[in-house]
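Working notes for the structure below.
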Amino acid sequence: MIRLSPAGSAQIPLIQEIAQKTWPSTFGAILSREQLAYMMKRMYSTASLSQQMQDGHRFLIAYQAGKIQGFTSFEVNYRETDHLKIHKLYLLPAAQGKGTGKKILIDLERRAYKASQKALELNVNKYNRSAIQFYFKMGFEIVREEVIPIGEGYVMDDYCLEKELHTP
């Protein structure tokens, strides 16, 4: 059984450790080594994660049988809308394809209903085919494309996905 545990500043080193194990396998064939290192530093430094938490991003760490599987972060009422934005959802390579991601999304959908949100939304790299297929399978649709400058000449080249929520 998957258990999701809230994470705060004390768990930042654990979130960083998971990111260091997931990002190379997730993005190694998509991004240059330099961009990967830049983005890890920019998004997963202690200062950055602390700021994300202060800005209302909620983090959950996924466990199964006491072993860490991955983490997610999300924000309700994203940009003053009635959307729950999934900022991050990363699973350790050994945990992928075993239903953990599906269970995390089901939990986030439950949280969204509870918070009166009308949709889930997220960004995914356009070249991350396995993640895109997973999100399609879970009911998400592409609503737009975004190219987001992130500094040092790098961009995030993403699809924005949404899943409209209906009252259960």
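The values are calculated or read from the model by the stated rules, or taken from the named source; none is laboratory data. The shown structure was predicted, so the numbers you read here are calculated from the model rather than taken from an experiment. Here Cβ is always computed from backbone atoms with ideal geometry, including for glycine, and neighbour counts include all displayed protein chains.
When residues in the range 23-78 are screened for being at pLDDT below 95 and either closer than 20 Å to K114 by Cα or acidic (D, E) (or both), 0 of them pass.
Can you list the strands (runs of 3 or more DSSP E) found entirely within the range 98-168 that contain at least 1 residues being of a type in the set (G, A, S) and surrounded by 14 or more Cβ atoms within 10 Å (Cβ to Cβ)?
Once the strands (runs of 3 or more DSSP E) in the range 98-168 are filtered for at least 1 residues that are of a type in the set (G, A, S) and surrounded by 14 or more Cβ atoms within 10 Å (Cβ to Cβ), what remains is 119-125.
In this structure, does I61 turn out to be closer than 25 Å to K102 by Cβ, among the β-branched types (V, I, T) and part of a strand (DSSP E or B)? Against the criterion (closer than 25 Å to K102 by Cβ, among the β-branched types (V, I, T) and part of a strand (DSSP E or B)), I61 qualifies.
Per this entry, Y63 is counted among residues that are in contact with a Lys or Arg (Cβ under 8 Å, 6 or more places away or on another chain) and in contact (Cβ under 8 Å) with a residue 24 or more places away in the chain. Criterion first (among the small types (G, A, S) and surrounded by fewer than 16 Cβ atoms within 10 Å (Cβ to Cβ)) does S73 satisfy it? No: the conditions fail for S73.
Residues that are among the polar types (S, T, N, Q) and outside any helix (DSSP H, G or I) were ranked within the range 30-47; the one that is farthest from Q16 (Cα to Cα) is S32. The residues of the range 100-124 that are among the small types (G, A, S), free of Cβ contacts under 8 Å to residues at least 40 places away in the same chain and farther than 14 Å from G139 by Cα, listed by number, are A115, S116. Note on the range 10-38: residues that are of a type in the set (A, V, I, L, M), buried (at least 18 other Cβ atoms within 10 Å of the Cβ) and either more than 20 Å from Q54 (Cα to Cα) or in contact with a Cys (Cβ under 8 Å, 6 or more places away or on another chain) (or both) total 2.
Scanning the range 66-91 for residues being touching a residue at least 60 places away in the same chain (Cβ under 8 Å) and farther than 15 Å from M43 by Cα gives a total of 3. I'd like to know if the range 5-13 contains one or more residues that are assigned to a loop (DSSP other than H, G, I, E, B), without any contact (Cβ under 8 Å) to a residue 60 or more places away in the chain and small (G, A, S). Yes, the range 5-13 contains a residue that is assigned to a loop (DSSP other than H, G, I, E, B), without any contact (Cβ under 8 Å) to a residue 60 or more places away in the chain and small (G, A, S). Condition check for A47 on (1) closer than 19 Å to L91 by Cβ; (2) surrounded by fewer than 17 Cβ atoms within 10 Å (Cβ to Cβ): one failure, at (1). In the range 65-73, the condition of being part of a strand (DSSP E or B), of a type outside the set (F, W, Y) and farther than 30 Å from L165 by Cα is met by at least one residue.
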